[in-house]
Each structure stands twice: as structure tokens, then as C-alpha cells.
1. Compute the long axis of helix A:2-13 from its Cα atoms, compare it with the longest principal axis of the Cα atoms of chain A, and write down the angle in degrees, 0 to 90, nearest 10.
2. Only residues of the stretch A:37-70 count here: report those whose backbone N is under 16 Å from the spot 7 Å along Cα→Cβ of A:Ile189, or say none.
3. Can you pull out the GluC sites (Glu not before Pro) in the stretch B:124-169 that DSSP calls coil and that have at most 15 other Cβ atoms within 10 Å?
4. Going by how many other Cβ atoms sit within 10 Å of their own, how do B:Ser173, A:Ser90, A:Ser249 line up, fewest first?
5. Ranked by Cβ crowding within 10 angstrom, fewest neighbours first, how are B:Glu109, A:Glu239, B:Glu84, A:Glu442 ordered?
6. What do you get for trypsin sites (Lys or Arg not before Pro) in the stretch A:56-145 restricted to DSSP loop and a cutoff of at most 12 other Cβ within 10 Å of the site's Cβ?
7. Report the full-extension gain for the segment B:Ala120 to B:Glu136: residue separation times 0.36 nm, less the Cα-Cα distance, to one decimal in nm.
8. Full-extension gain between A:Leu295 and A:Asp324, please, as 0.36 nm times their residue separation minus the C-alpha to C-alpha distance.
Amino acid sequence: MRTAYLVLFVTILHFSCFAQNRELLYNFTAIPQSSLVNPGADVSYKFYFGFPVLSGISVNAGSSSFSAYDLFADNGVDFNDKVRNAINTSSRNDKVVANQQLELFSGGFRIGGRESRSYISFGLYQEFDFFMYVPKDMALLALDGNKNYIGRSFDLSDLSVKAEVLSVFHVGFHKKVNDKFVYGGRAKIYSSGANATSTKNSGYIYTGQNAGTPNLYTQIISSDLELKTSGISTFTKDEYEGNIAKDISHNTFFNGSLGLGFDAGFTYYIKDNLQLTASIIDVGFIKQSKDIETLTYKGTYQYEGVNPDFMNSDDPENVFDEFDKAIPRDTLYNKYTTWRPVKFYSSIQYSFGEARSDDECNCLGKVDKYYKNAVGVQVFAMTTPRAPIGAFTAFYRRNIFRKLDLKATYTFDSFSNKNIGLGLAGTLGKVNMYLLVNNILEFKDVTKANSAAFQFGINFIFQDPKD
Amino acid sequence: MDLIYSRIFKIFFLVFFLSSCSSDLDFDQTKNLKLEPAFVANLAYFDVKANDLIVDDEIQVLAGVGGFDVFKDKFFNDHLRKAELDFEIENTIARAFAVRFLLLNANDEVLQTISFAVPAYNGTSNIIKYPTEVFENQRLELLKQTVKIGTVVVMGSGQPLDQNSSGSLKLRSGATAYIVIE
């Protein structure tokens, strides 16, 4: 009961969270950070570096069933009714997600000679991930109790949540083999400051009423619950007197649980103006090993009620003792491995509206040709504790000026079927800036949006001077 | 050209920030969160066969005690606002009974007694559902001190039972706990 109540409360507290699809950044090659979502993106530079801390800021949150407005609107409706509505309109497969990334530093440079088209890039970013399915059955139990649900089994596997704060140091390589093909890969070292994972739960709470049985109710709790934590248990102790935020950030960068992973991707020009790309991101794991603690409640308990013992007067059994014996709370200290959510992207893009560089006269006779427009589609998929989630995006990219690009996207996913995003990336001299915002239709009232994403950054890019 | 770029960026930023509105949200509402679940659970049960009640005496008394420590849980104790107890007795023995249900505290003192009259079996269905016992306010406070439940079965007058006496006396009971959390 208490657990169910806590779960409900955590649902509300964590409402402000988001998904991980970066449909605007993907293949937006005017932005060096696009190689973070496809290490084989066709990005070129002599060298670049990100403005420290401001090169890549992204926050992204979503809830597939209810919005902040649904819960917190200042409209006179009783909060409890709003909670009830939010729970009733949710299903166990609705999710509440959040992702935030902050790039601390990043850079890249070309290796080899002037004609080389091989590049190394590197960086360090901090990431926060939260993913939870709406624990519908437990929320119902907390809201209503079991009285009106005789015969129903409340499914404990509805409880599925994970959260992590980590830092990622990465080094990538990409090479434009020829005019048709670019490939790239990125190695990552993860350092997880805090992790909580409770995704492999099962069991049920059942109350039935059957004639002919010795009890009024048939009551069974079958529980296989497990919460694994790393980097958190210190803070839950009474004697802890530090600053949690400070300690977590220290652990994230200097004393985290370590892991390894990689990204890979390519760009292939089927024709001059027809391009295919694909990437797979965050194939990796973290060996959770610092300050680990696993709590389990495993067992089955059938509650019969009190049976007065007419035959002898020994000390009677007690309900709580029986329950604790049947479903004991165990604390384990085993290391565990978590897998990063793997992301997959792919796109096909058709370009049109051929243009030539309008820079000064190119005396060497090299024709700098490009396309002013591109249209295409992208797909995105990500692993989750249950079935993978996906998104489908149609996009249009327009080159407004030679170094100013606009990308518009229309995305269809489980959070929204009318998510329109707009992105702008431009280079002024050596300064490259970008701003990407999705779900702009909901900007007229952002509190009603089921998801929102925002990315922003500043880089310095150096190209070879024109010969 | 640079000027145009910077204007475009400025406009884009302004459009983004100025056009985005948000309704007033009131996060203080979470303080109004009030959960009022109602839980049902078994309370007590027994099933006594007629031939377990064979005695020479005219009046047979069976007494037993069972542990009932749910109120040890502080959270449950603090948030329980009302409780209802429901009893159902089925008698298929050709004798009448009186069943007494005793709520006992840690010192075995009786806090409450609930009595049920059970008519003798006469060949037709003999299941009695007794009126719901409601515990609120002071009566609820007594209930919360309960740590044991005692049961006393007293046989009414009539023909003595023997080895061949058939039937049984069954009790089934449940509790409904009304919780308020705010």
C-alpha cells in the first residue's frame, strides 16, 4: 500500500520528462553535433570546437497519455479528480520519459593531409535519462483499494522504471571514402553516477470471492519485485549529511560505475541527389559497481484470516510475521549490468534545386555545387524495458543562404501525431549556432503538450580557406 | 550578409520565445492529494464439525484465540478512518448456537464483544449474513487496540450430539478498511 502510494507520487513528481528521438539534429550536417546521432554523417571541417558548456544543450520530455496541464492546470478542478482522470486515461504501456544532455566540451579535426577526408572528433557530455511505464494497476490500487475490484488481479509487472545520471566521454572517427560513401564509428566510455533500475518485476495481488471456500475472500499476493540501485544507497541512510546533487555530480564524473559502448553509421549517395543514411547509437553497457544495493520482495502469500485455535492455546500466529516470512525483504549487494537504450536511425533524402556557390569567382575552375532543397523521411527506434518504441519523420530542409539552413520535420510517434519541429543552423564567420525546437504547434500552450524537445548550441568551425 | 544572418537568428529566437505561452500551472495542488482507497480482507474463519462438539454436559463451550496484529503497522493505524466487519455463519447442525466474537488487547482484556445468535438447522438452507458492524470514532479507537481475536461458541439446549450427528458450524468473516491519506 505504502509502496503503491509512493509510486503514484513519483509518477507525478517525474512528470516533466521526455523522449530521445533527435529527429531535427539527425543528418542536419550543418551542425557538427549531428555526428553524435550518426557518426557516419557527411560533416566536414578543418577543425571545430564547441563553446564550452554551450555547444550542446538538449532537454526532451514526454508523456504519452497526459500532459502537465491535465494534472496541474489552475482551473478549479479538484486535483484528485485530475489524478484519477490521468490514471483512467492511461494504459500500462503509456510512458513518461525524460532525457537531458549537456555537452561540456567537444571538438574535432581532420587528420591526414589537406586532401584527406578523415576526421577525429571527441567530447564529454553529461546525460540524464528517466523512463517509466505508467504503473496503472498499482495506481488504481492506491486510488481505490481492492474493494471494488473483487475477482481482478493487479499486475505487479506494471511497475517498470529506470533512471540514470551519467557522463560519456567519446572519441569518434569518420571517413569520406569517396564522393558516394561516408562511414564512421564512435567509442564511448560511460561513467554512471547514479542508477536505479526496476524493470524486471512480476507478480500479482488478487482478491476473489468463491462460494464453498472456508474464507470470505481468496487473497493472494505473489511478488517478484526487485529494485537495483547504484550510487544511491548512501543518500538513503539516516546518517548521510552531504549535498546529494553535488555528490551525484562528483560521482558522475570522477567516481562512477564504468561502462563501454559504441556508435556506428554511414551515409551513402545512391545518386548525386539521393542519399541514404543509417546509424546505431549507444550499443553499450555499464557495469554497476559503486555503492550498489538491490532490494527484493520475493514470495507468495495467501491471506486466510484468523483461525481461532479451539484445540490448544499456544501463542497464535501473527499476520505480519507470516507475511514477512512469506515475502521477505532482502537486501543484496551484487554488481549488475545495465544496457544503454540502443537507438537506431535511418533516413532517405532527395535533394533538388541545384545551385552554385555565390562566393567570389572561383579561379581554379572547381565548381562548388550544392542543392538548395531536400526532402525525405527518417525512422527512429529505441529499445525500452518492453517493446521498442519508434517514430516516423518526414522532413524538408532548405538552404536559405549558403551557410544558413532550415529544417522542418513532421513526426508521428506514440507521444503525438502532429509533432512539427523547426531547426535553424547557421555559420557567421567561424561561429556556428543552432536552435532546434519540436512540437511547435503546442507552443501556443506548452503545458498542454505531451512532449517537448529543445536543443541549442554554439560551435567554432574552421574550414580551409579557399585557394 | 552577416547582418541578415544575425537578424534571421534573432527573429527565430524571438518567435520561439515570444510565441510560446503556457497556461498557469499550480503545483501546490499536490498538497490537496487525498487518497481514499477501501481495502477488503479476510478477518476470521472456522469450521467445526458436529462430532467435535460431543460432550456430556448440557452446555458445551468452545473457545479459541487467534493473533491479529495488523494495527501494529503505524501507517495503517494512522490512516484508517473507518472499518466495517461482516460475518456470515452457516449452521448445518440440528442445534442452535450463540457465537461471540471478542476483540482483545495486549493484556487479554476484552475491548468489544460482538454476539451472534445462530438458529438450529432444520433441513433448509441456514446461512445467515449478519448486519455489518461499523467501527468509527471511539469504537474505531478500541478496534485499533486489538491484538488478538477470541471466539466463543456456546451450544444452545437440545438433544445431545453423538458420533452420528451430522453437519458443521462455519464462520466466514471479512473486514473493509477505509483509508484516508492526505
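1. Tilt of helix A:2-13: around 20 degrees.
2. Under cut-off, by backbone N: nothing.
3. B:Glu136
4. The most exposed by this proxy come first: A:Ser249, A:Ser90, B:Ser173.
5. Result, fewest neighbours first: A:Glu239, B:Glu109, B:Glu84, A:Glu442.
6. A:Arg114
7. 2.5 nm
8. That works out to 9.0 nm of additional length.
No lab work stands behind these numbers, since they all come straight from the coordinates. Not measured: the values here are computed from a predicted model. Please note: Cβ atoms are built from the backbone with ideal geometry, for glycine as well, and neighbour counts cover all protein chains shown.
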